[in-house]
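All of the numbers you see were taken from the coordinates with simple rules; none came from a lab. Predicted model only: the values in this text are computed from it and were never measured. Positions of Cβ are generated from backbone atoms using ideal geometry, with glycine treated the same way; all protein chains shown enter the neighbour counts.
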Amino acid sequence: MALSGEGRGAQLSVAILLLVVHALAEAAIPVLIGVTIDRAVLPADPGALAVWLGVMLGVFLVLTLSYQGASRLMVSIYGFGEQALRHLTLARILRPRLSQEPLSAGEALTFVTSDTYRVAGVAWSVAQQCATIAAIVASALAMLVISPVATIVVCASTVLMMVVMRAVSRPLERRGLAEQSAATEAGAVAADFMSGFRVLVGMGARDEAVRRYATASDRSRLAATAAGRTLAGYEAVSATLAALTLAGLAGMSAWFAAEGHISIGELVTVLGLAQYISGSLAYAGSFPSNWIHKFASAKRLAEVINAPDLLGEPGMGAALERPDGVVLAFRVGIDRVDVRRGELLGVRPGDSDAARALARLLGMRAPVTRDDVSVEVDGAHRDLRDLDPLDYRARVVSMPHRQAIVSGTLSDAVRGWRAPGPPDPALVEAAALHDTVAQVGGWGAEVGESGRRLSGGQRQRLGLARGLHAEAEVLVLDEPTSAVDALTEAHIARALARLEGTTIVITTSPVLLAACDRVVALRPNDSENPHA
């Protein structure tokens, strides 16, 4: 488990022990004060007073050092545990075999920040609850020696408070989960709008974007307000029950002292323990609320971490029979398309959804069934489900229609930090990126976050250049020229036709399709024919 690995489980045990010692030392203070009154103050014995004050000083020293040691350990456990949980969540989100449908940037950000932050706090809750229980038990035992009746009242109050607070906590659980879900939705909307801000402004849709975000933000605000009000009411009930318990215990103890059943020192001890127990009971009453928000976040993280792999585990299927010279084969409907080595194959989709679906399928970014895709590996064809995703993606590179561009230089954006030095000039020329290099100030120029210093056409040509530099056996391009002008598109079409290697171009562009060696239509009743 992320929160107990790398020795954090042992550290947590030590921290719990130190917090329990701290709680016991706190519970001992009222007892020592009562003993000091009965054995030193009332008898007016200076020697005994010095002894008991020295004992209290030692207890205070233990109390302070134990808490400092526990705090140091808990900060380490919490910090490194949160980091490990964040890494685990990211690993599942980015798992090569796709643990679930891709999350938006806003959703992923919420999962790896606020949700992991809350779940990592489980360590604090466990330690503090153990210390609180130890404090209640120790105080009850001390009171048992003085007054069994008071002890029974404390135990009964604790059980009653737990039952009542559990019933009160149920609405808080529902609203805590709703709060997290609404916050995730608002974060996703904000991230999506910021990534496409320039496009929204150009379309004149800024006001509509603001309206939609305001709607999502209002839902998040209302959910957070509802959860906050429920939590405030919950804590008010908890504090009220604790105060009533303290008042009743104090009144009963005062009556016992007046009747001579307990001494003045024992009265002070009982009142001190009662006040200490009151705080412990109030905190014990908050246990469910502390766990509810963490449980809501843990439930959301569990859905991500434990999500089944969409691609399944690799099998041990036998080699498939394919014609000689076929490097890749994929199935569209009931027809199988064989891709020959070294050819430029055009695939004409029926619509943009079909184009995106085929690009995801060939890029192993979508669920596949057996015989959907096969690729040549060491002279034999293997089904996609029998291959490791990283091995397949090293052979077949399917470039998404909209590619992510991270902050960095233009050279880094093209080569992806694979090798030092500038990109290949021939491939840069093929992607028609050479003029962009001159316009932005060379390969060392910064492209900005998400490539915002580049135009849409420049970003698309950058993505094409990135694909050409991938050095894959098969390169899949999804509408690579939809954002460029006709002259640039013709230049790219001629360049793709001259390139060596196997390339699949999914496009409806007549210019690109005319440059292909062969064209396959995805629409029903279309047949495979050259230069369609």
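Points to keep in mind about this one:
- Averaged over residues, the count of other Cβ atoms within 10 Å places the peptides 357-365, 381-389, 480-488 in the sequence 357-365, 381-389, 480-488, highest first.
- Judged by the mean number of other Cβ atoms found within 10 Å, the most tightly packed of the peptides 75-86, 490-501 leads the ranking 75-86, 490-501.
- Contour excess over end-to-end distance, with Cα ends at ARG498 and ALA514 and 0.36 nm allotted per residue: 4.4 nm
- Inter-label distance, nm, simple model (7 Å from Cα along the C-beta direction), LEU244/VAL163: 1.3 nm
- Simple spin-label estimate for LYS299 and ALA156 gives 3.6 nm between the two label positions (7 Å along the Cα-to-Cβ direction from each Cα).
- Among 445-454, 50-59, the peptide with the highest mean count of other Cβ atoms within 10 Å heads the list, and the full ranking is 445-454, 50-59.
- A Förster radius of 51 Å combined with the Cβ-Cβ distance from MET252 to ARG212 puts the calculated FRET efficiency at roughly 0.25.
- Full-extension gain in nm, VAL149 to GLU259, via 0.36 nm per residue minus C-alpha separation: 38.2 nm
- LEU90-ARG336 pseudo-label distance in nm [points 7 Å out on the Cα-to-Cβ vector]: 4.2 nm
- Tensor-based shape of segment 326-521 (alpha-carbon gyration tensor, a/c under 1.5 rounded, otherwise prolate or oblate): prolate
- Given R0 = 56 Å, the distance between the Cβ atoms of ALA380 and ALA307 translates into a calculated FRET efficiency of 0.95.
- Förster-model FRET efficiency, 25 Å R0, GLN68 and LEU141, C-beta, rounded to 0.05: 0.45
- With coordinates expressed along the principal axes, the C-alpha atoms belonging to segment 27-72 extend over 43, 17, 6 Å, beginning with the largest.
- C-alpha center-to-center spacing [segment 468-490, segment 393-467] in angstrom: 12 Å
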